[in-house]
Amino acid sequence: MAATTSMVTSLTFTIPSLGFRLPTRSYPCVKPQRRFVRKAASNVITATYELKAPPYPLNALEPHMSRETLEYHWGKHHRTYVENLNKQVVGTDLEGLSLEDIIIVTYNKGDILPAFNNAAQAWNHDFFWESMKPGGGGKPSGDLLDLIERDFGSFERFIEEFKSAAATQFGSGWAWLAYKANRLDVENAVNPWPSEKDKKLVIVKSPNAMNPLVWDYFPLLTIDVWEHAYYLDFQNQRPDYISVFMEKLVSWETVNTRLEKAKARAAEREMEEERRRKEEEEGKPTNEEDDDDDLEMYVDNDNDDSEAE
Amino acid sequence: MKIDVNHRNPHPRVRLALPLPKYKVLPHGGFMYKTHISGCTLEKKNLLRLQMALRSLATRKTLTLALNSTRLAQSRALQTFSLPDLPYDYGALEPAISGEIMQLHHQKHHQTYITNYNKALEQLHDAIQKGDSSTVVKLQSAIKFNGGGHINHSIFWKNLAPIREGGGEPPHGSLGWAIDTNFGSLESLIQKMNAEGAALQGSGWVWLGLDKELKKLVVETTANQDPLVTNGPNLVPLLGIDVWEHAYYLQYKNVRPDYLKNVWKVINWKYASEVYEKESA
């Protein structure tokens with residue numbers, strides 16, 4: 001790919017500002033965050049993504065997940081994904097995009113581009129570490145528990161289904177609890193008459209690096225069932241690993257926080273789509289706000305929120 | 001007669017000339033003998049081999065007894081599969097592959113594929129008899145996973161051999177010549193397979209195969225437990241290398257390329273040559 005950081009070419013992934021509108025995808029994250037990085041010299045490789053440490057020391061999950069596992073899983077596997085992602089992204093159009101944007105873009109509606117695996121795995125592992133905590137497990141409460149009981153019948157049934165999804169994901173992959181909002185059961189379809197019933201919790205499993213972001217779900221909880229996640233501690237006994245994860249490691253607080261965010265974004269998205277529909281009815285050609293976004297790209301942004309080390 | 005529990009003859013009708021070493025009964029009904037890892041003299045090795053042979057004779061006899069008593073299984077004529085014995089000790093492939101990995105890989109992973117394969121086949125048999133098409137179709141993925149796992153691992157054990165028994169010795173004869181013709185040299189074939197194996201995302205296998213129709217050797221990869229034939233009906237597997245993490249993690253951790261580099265020291269080219277000669281005749 002051409003080694004330019006031209007902002008114009010980066011616009012191929014956003015809405016063209018020529019007055020006609022393509023159906024837009026609002027990503028689960030807020031508008032694409034640009035992280036502008038000033039290069040000192042043209043041969044300097046700027047590392048745009050960094051390996052974030054888990055929110056607890058590496059031995060904090062003992063005896064349920066050993067320090068050795070964390071050392072290899074986070075220190076080698078996760079680190080390699082991040083490093084390889086940086087190498088793949090530098091000097092391409094993907095540079096400066098947020099991790100979630102790279103995932104959506106390189107997923108390319110199924111026609112996967114090379115950086116997808118590393119980007120998705122980097123994101124998945126961040127999500128995974130945050131899904132656990134020392135002294136975790138137990139039961140959720142409040143809204144989350146209500147939703148679980150509404151969508152799965154009971155908390156026990158949910159646990160059963162989640163464990164089964166994780167155990168039957170053949171080969172490498174992940175199992176997820178996700179919040180599905182305003183969508184039909186067909187991927188990429190939008191329900192023209194959204195209702196409260198559309199918003200529900202679902203359990204999904206995905207192979208290798210795949211994650212529910214690409215299906216426009218809001219992930220809430222995940223378990224890594226690649227063999228490297230449990231082999232040192234449990235060898236071939238994946239079901240034991242899954243049970244220990246559910247009983248002793250899950251951080252329901254984090255899941256709750258994510259659910260609140262998901263509900264807020266779903267509401268936001270609903271409002272935006274309402275607004276857009278109203279405007280179409282009124283016959284407005286362009287949306288002022290969108291123009292501003294595009295214009296922003298042309299102006300040199302003095303807020304340099306680069307993370308150059 | 002003094003009965004020593006650990007040295008009990010598993011099948012009374014078979015007279016054993018030699019005393020048995022300690023054994024224990026495994027969950028699936030088979031027997032496992034403690035085997036020595038290193039420092040084996042030739043006599044001891046032959047003794048162990050003889051004992052393993054006798055053991056499979058004994059278990060085969062007990063199995064036949066069991067089968068005869070369940071007429072139901074016979075009348076349904078549904079073949080069940082069982083774990084094939086390794087032609088070498090678990091520790092015999094060290095230091096390329098550790099004994100711990102070999103034991104887990106054989107006794108746990110391969111055995112689980114076989115158990116689940118048998119279960120799926122039985123369910124399939126029932127569904128076919130009842131004409132339950134949706135169950136028949138639903139079972140296909142379980143059959144591919146577990147049947148594929150059984151097929152692939154059965155080949156894999158034969159693809160490996162201790163160095164003392166020719167493991168790692170380069171192929172001669174027609175296979176050696178075919179490799180040079182198709183890939184330039186053995187080194188470049190190994191390089192190609194290692195590159196493909198390392199680049200494989202997730203779980204799968206890297207294969208050296210023979211395309212019977214095009215009459216040439218190919219390097220292929222398959223995902224999960226898909227057998228080589230899923231890449232093409234004319235493909236015959238000569239060599240398969242398991243790159244699922246369970247095949248190397250305890251020893252090599254995340255460094256799959258090191259595993260791939262070292263596994264060639266115990267690759268059994270004799271078996272690959274035999275298959276090649278048979279299939280290209």
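At-a-glance table
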item	result
Residue check for A:E156: surrounded by 12 or more Cβ atoms within 10 Å (Cβ to Cβ), of a type outside the set (F, W, Y) and over 19 Å from A:L94 (Cβ atoms)	no
Residue in the range A:159-175 that is farthest from the other protein chains (Cβ to nearest Cβ), counting only those that are assigned to a helix (DSSP H, G or I) and surrounded by fewer than 21 Cβ atoms within 10 Å (Cβ to Cβ)	A:I159
Residue list for the range B:181-209, restricted to those being of a type in the set (D, E) and exposed (fewer than 14 other Cβ atoms within 10 Å of the Cβ)	B:E187
Residue in the range A:8-21 that is under 23 Å from the mean Cα position of the chain (by Cα), of a type in the set (G, A, S), part of a loop (DSSP other than H, G, I, E, B) and at pLDDT below 90 present	no
Selection status of B:L104, under 19 Å from B:H246 (Cβ atoms), touching a residue at least 12 places away in the same chain (Cβ under 8 Å) and not in a helix (DSSP H, G or I)	no
Residues located in the range B:53-82, provided they are within 25 Å of B:N268 (Cβ to Cβ), in contact with a Leu (Cβ under 9 Å, 6 or more places away or on another chain) and either at pLDDT below 95 or not aromatic (F, W, Y) (or both)	B:L54, B:R55, B:S82
Test for B:V236: is it surrounded by fewer than 16 Cβ atoms within 10 Å (Cβ to Cβ), more than 14 Å from chain A (Cβ to nearest Cβ) and of a type in the set (A, V, I, L, M)	no
Wholly within the range A:194-288, helices (runs of 4 or more DSSP H) carrying at least 3 residues that are within 14 Å of chain B (Cβ to nearest Cβ), touching a residue at least 12 places away in the same chain (Cβ under 8 Å) and closer than 19 Å to A:T168 by Cβ	A:238-244
Number of the exception - B:Q251 against (1) within 28 Å of A:S206 (Cβ to Cβ); (2) in a helix (DSSP H, G or I); (3) within 14 Å of another protein chain (Cβ to nearest Cβ)	(1)
Test: residue in the range B:260-280 that is within 14 Å of chain A (Cβ to nearest Cβ) and either part of a helix (DSSP H, G or I) or not acidic (D, E) (or both)	no
B:H110 being at pLDDT 95 or above and buried (at least 19 other Cβ atoms within 10 Å of the Cβ)	yes
Residues of the range A:57-98 that turn out to be touching an Asp or Glu at 6+ places or on another chain (Cβ under 8 Å), away from chain B (no Cβ under 14 Å) and over 18 Å from A:S251 (Cβ atoms), as a count	1
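The values are calculated or read from the model by the stated rules, or taken from the named source; none is laboratory data. Being a predicted model, the structure only gives us computed values, none of them experimental. For neighbour counting, all protein chains shown are included, and Cβ atoms are generated from backbone atoms with ideal geometry for every residue, glycine included.
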